[in-house]
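Here's the structure we're looking at; comments come further down.
The values are calculated or read from the model by the stated rules, or taken from the named source; none is laboratory data. In this text the structure is predicted, and so the values were computed from the model without any measurement. Neighbour counts are summed over all protein chains in view; Cβ atoms, including those assigned to glycine, are modelled from backbone coordinates with ideal geometry.
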Amino acid sequence: MRLVLGSDHAGYELKQDLVKFLGSQGHEVVDVGTCSTAAVDYPDFAQAVSAAVLDGRAERGVLICGSGVGACVAANKIPGIRAAICHDSYSAHQGVEHDDMNVLVLGSRIIALELAKDLVRNYLGAKFSGEERHVRRLGTVRAIEAHYLHPQP
């Protein structure tokens, strides 16, 4: 699978470890930065990961910051992105199966590498179920997004 990974300075080391891990698992990885532990702003990397997912350079994204919260908030401002912080295995696969999540967000100050690997495996191994109730709910989410993008008087 083609994946995009991005992080701020707090997530840099975890991102580097996940880039190596995913490459060893046969995935094609696009790393959109950051390239060091020097302080940077997480919204820039949320935008870079999201853009790669939306323009087809990657099928899914992984975004990392210290807690995961800021990066998740920023990514979800971008129309078409369905990002979620997952620090447990169930949410990592269920978010794809039920909500068609396309960006997994991790908090590098919350979880360790082995759990991060497990979460990424669960996320990448999941597929959207296509069940009617989930398709209907996703349609409602898209309608909400469209309403706020183009408010009607």
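Residues that are under 30 Å from Glu132 (Cβ atoms) and of a type outside the set (D, E, K, R) do occur in segment 3-12, at least one of them.
Just one residue in the set Tyr123, Tyr90 is hydroxyl-bearing (Ser, Thr, Tyr), in a helix (DSSP H, G or I) and surrounded by fewer than 16 Cβ atoms within 10 Å (Cβ to Cβ); that residue is Tyr90. Restricting attention to segment 71-87, the residues that are out of contact with any Ser or Thr (no Cβ under 9 Å at 6 or more places or on another chain) and surrounded by 18 or more Cβ atoms within 10 Å (Cβ to Cβ) total 3.
Scan segment 12-60 residue by residue and report those that are touching a helix residue (DSSP H, G or I) at 6+ places or on another chain (Cβ under 8 Å) and closer than 18 Å to Ala112 by Cβ. Across segment 12-60, the qualifying residues are Leu14, Asp17, Leu18, Phe21, Leu22, Thr37.
For segment 135-149, the count of residues that are under 17 Å from the mean Cα position of the chain (by Cα) and of a type in the set (Phe, Trp, Tyr) is zero. Within segment 1-47, the set of residues being in a loop (DSSP other than H, G, I, E, B) and buried (at least 16 other Cβ atoms within 10 Å of the Cβ) comprises Asp8, His27, Val32, Gly33, Thr34, Val40. In segment 31-49, the residues that are without any contact (Cβ under 8 Å) to a residue 60 or more places away in the chain reach residues that are among the hydroxyl-bearing types (Ser, Thr, Tyr) and assigned to a loop (DSSP other than H, G, I, E, B) with C-beta atoms within less than 9 angstrom, at least six apart or across chains, in these pairs: Val40/Thr34; Asp44/Thr34; Phe45/Thr34.
What is the number of the single condition among (1) among the hydrophobic types (A, V, I, L, M, F, W, C); (2) within 12 Å of the chain's Cα centre (by Cα); (3) farther than 11 Å from Val103 by Cα that Val30 does not meet? Condition not satisfied by Val30: (2).
Scan segment 137-152 and tell me whether some residue there is at pLDDT 95 or above, among the basic types (Lys, Arg) and not in a helix (DSSP H, G or I). No, because not a single residue in segment 137-152 is at pLDDT 95 or above, among the basic types (Lys, Arg) and not in a helix (DSSP H, G or I). Search segment 93-117 for residues being among the aliphatic types (A, V, I, L, M) and in a strand (DSSP E or B), and hand back the single one that is farthest from Arg136 (Cα to Cα). Among them, the one singled out is Leu106.
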